[in-house]
């Protein structure tokens, strides 16, 4: 990425973190904000953060030197984007602010520059209305904290040129992150799933079934323990889609509509495709790979528990704070 010039417009917490990882990938990165003063202050903050991340072992030893070589503040949005190959907009999550910023970016950028938005909630097609040559525009949604969360949603709108996606995928891959393509829909994928879980968790609290603390414990130590290694479809295939079908039937005795059996699940079960044990399911993992998959699963879970033991409990509750401080 050393020959790539990138502008990040909006140098706050999210935009700054995005700028850090892009600059560490070797790209020339310029940050811009509402004023040159704000951009310069945020530039200094990003260097100071990087020094602390190096001290904590979170960034490589040469990170500060690489940032000083590749990252710089600009006097204005126009200056930052003038010769950029890729521009990431990361201003506050308000449509009018994003529209105004995207208009400025479009007016000053090269017509062939790819433009991404870090929005997490606004439809990309709505944002595209403010972009000249909207075929080069898409959502490029990093997660908080951007330096350390490895997943990035790529969200084209209906008018996005298909040729833009591989370009952005290469930029993201150069940072060491993983990207996934999703369609332009309310909530995209990340927030739709995240808020579905949170909504159900709040329902359980409000029904008096469990406390927030106990729900967090259950999520962390059961199905959430699997999620760094397997997504929901891999987990379902390994558990058995026939088992999932039975569980849905049980849930329907209390919530027949909320937990109606998904049509795709019913179709697979009716076809005798129960997941890994039959060699066909959502992911079609061959049955002969089951021993290899089980061995990986067991190794992964033991490694995860060792990591948790090494780190200690998260300092969310007083007891955990005492434990991490060695006050037992």
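Structure summary
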{"item": "Where N is the number of residues in segment 139-229, Cα Rg divided by 2.2 N^0.38 Å", "result": "1.37"}
{"item": "Per residue Cα convex hull volume in Å³ - calculated over segment 134-288", "result": "167 Å³"}
{"item": "Per residue, the convex hull volume that the Cα atoms of the chain enclose (Å³)", "result": "181 Å³"}
{"item": "Ranked list, fewest to most other Cβ atoms within 10 Å of each Cβ, for 99, 157, 141", "result": "99, 157, 141"}
{"item": "For segment 49-120, convex hull of alpha carbons as volume per residue, Å³", "result": "121 Å³"}
{"item": "Mean shadow area of segment 5-181, taken as a quarter of the surface of its Cα convex hull (nm²)", "result": "8.6 nm²"}
{"item": "67, 190 arranged by Cβ crowding within 10 Å, fewest neighbours leading", "result": "190, 67"}
{"item": "Cα-derived Rg to Rh of segment 201-328, Kirkwood definition", "result": "1.07"}
{"item": "Helix 241-252 axis, angle to the chain major axis (alpha carbon atoms, nearest 10°)", "result": "80 degrees"}
{"item": "Relative contact order, percent, segment 5-181 [alpha-carbon distance under 8 Å, six or more residues apart]", "result": "20 percent"}
{"item": "Ranked list, fewest to most other Cβ atoms within 10 Å of each Cβ, for 266, 183", "result": "183, 266"}
{"item": "Gap separating the Cα centres of segment 146-225 and segment 30-79, nearest whole Å", "result": "27 Å"}
{"item": "Simple spin-label estimate for residue 243 and residue 126 in nanometres, 7 Å along Cα-Cβ", "result": "4.1 nm"}
{"item": "Cα gyration tensor category, rounded, prolate or oblate, for segment 121-170 with a/c compared to 1.5", "result": "oblate"}
{"item": "Fraction of antiparallel bridges per DSSP, the chain only, in percent to nearest 5", "result": "20 percent"}
{"item": "Label-point separation in nm, residue 215 to residue 270, each point 7 Å along Cα→Cβ", "result": "3.4 nm"}
{"item": "Between helix 13-24 and the chain: long-axis angle, C-alpha atoms, 0 to 90°, nearest 10", "result": "80 degrees"}
{"item": "Prolate/oblate/rounded label for segment 77-175 (Cα gyration tensor, a/c 1.5)", "result": "rounded"}
{"item": "Angle between the chain longest axis and helix 36-55 axis [Cα atoms, degrees, rounded to 10]", "result": "50 degrees"}
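Since every read-out is calculated from the coordinates, none of them should be taken as a lab result. These numbers come from a predicted model, not from an experiment. Heads up, the Cβs are rebuilt from the backbone with ideal geometry, glycines too, and the neighbour counts pull from every protein chain shown.
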